[in-house]
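The next block holds one structure in the form of structure tokens; read it before the comments.
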Amino acid sequence: MLSGLKTLRSKFIRHQNGSVAVEFAMIALPFFLFIFALIETALIIFSSIGLDMALGEASRQIRTGQVQAAGLTREQFHQLVCDGAPGYFDCSDKLKVDVRRFDNFSSTDFVSPTDVNGSLILDFSFDPGGPSDIILARAFYVWNISSPIGVGLANMEGNNRLLASSAAFRNEPYNEDD
């Protein structure tokens, strides 16, 4: 009986059919987790760029006095940013916009929008100012990390990442009567 086990063992060791399948099964899970994390990281980068572009275009309308002339509200400016944002953004719940006026650039304050636990705490305001005012416009988007291996991507509670975009500028000396 012992010799039969040795023979079976030696056949098993020499027989290599299916070894590729076994090796693939061992590396498949880490490989696909890595691919998903890579795709999510790329989506976060592209979304951040899209948020920057959307805020830049909307902020230009503040800088040139178009927002002030039209009397846009915070909700309408929020919609301007949303219109320029990537199409897959959930603007109604996850996009937040903050526009503040300052006396000079040195007093511009980049208050953190989150507390130490990663919850949004900023009192979002909307003050587009007037001609030649210093404005800080910021947009925040809460991105839900869906990759199971998104280690280090979350910077908020609930496995979320806060994407942020800022634009600090001086309004043009436009004529308020136009």
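Looking only at segment 99-110, decide whether some residue is buried (at least 16 other Cβ atoms within 10 Å of the Cβ), under 17 Å from the mean Cα position of the chain (by Cα) and not polar (S, T, N, Q).
No, segment 99-110 contains no residue that is buried (at least 16 other Cβ atoms within 10 Å of the Cβ), under 17 Å from the mean Cα position of the chain (by Cα) and not polar (S, T, N, Q).
Could you please find all residues in segment 59-81 being buried (at least 18 other Cβ atoms within 10 Å of the Cβ) and touching a helix residue (DSSP H, G or I) at 6+ places or on another chain (Cβ under 8 Å)?
Hits for segment 59-81 are 62, 67, 68, 72, 77, 78, 80, 81.
Return the total of residues in segment 16-45 being part of a helix (DSSP H, G or I) and exposed (fewer than 14 other Cβ atoms within 10 Å of the Cβ).
Final tally of qualifying residues: 20.
Please find, among 107, 92, 132, the residue that is touching a Pro at 6+ places or on another chain (Cβ under 6 Å), among the polar types (S, T, N, Q) and free of Cβ contacts under 8 Å to residues at least 60 places away in the same chain.
When all the criteria are applied, what remains is 132.
Of everything in segment 46-103 that's basic (Lys, Arg) and part of a helix (DSSP H, G or I), which residue is nearest to residue 121 (Cα to Cα)?
Only one residue fits best here, namely 94.
Quick one: in segment 106-164, which of the residues that are in contact with a Gly (Cβ under 6 Å, 6 or more places away or on another chain) and not in a loop (DSSP other than H, G, I, E, B) is nearest to residue 42 (Cα to Cα)?
Filtering segment 106-164 for residues that are in contact with a Gly (Cβ under 6 Å, 6 or more places away or on another chain) and not in a loop (DSSP other than H, G, I, E, B), the one nearest to residue 42 (Cα to Cα) comes out as 156.
Answer yes if at least one residue in segment 156-168 is in contact with an Asp or Glu (Cβ under 6 Å, 6 or more places away or on another chain), within 23 Å of residue 104 (Cα to Cα), buried (at least 18 other Cβ atoms within 10 Å of the Cβ) and small (Gly, Ala, Ser), and no otherwise.
So far as segment 156-168 goes, yes, one or more of its residues are in contact with an Asp or Glu (Cβ under 6 Å, 6 or more places away or on another chain), within 23 Å of residue 104 (Cα to Cα), buried (at least 18 other Cβ atoms within 10 Å of the Cβ) and small (Gly, Ala, Ser).
No value in this document is a laboratory result; all are computed from the given coordinates. Every value quoted in this text rests on a predicted model; they were computed, and no experiment measured them. Using ideal geometry, Cβ is built from the backbone for each residue, glycine included, and neighbour counts are taken over all protein chains shown.
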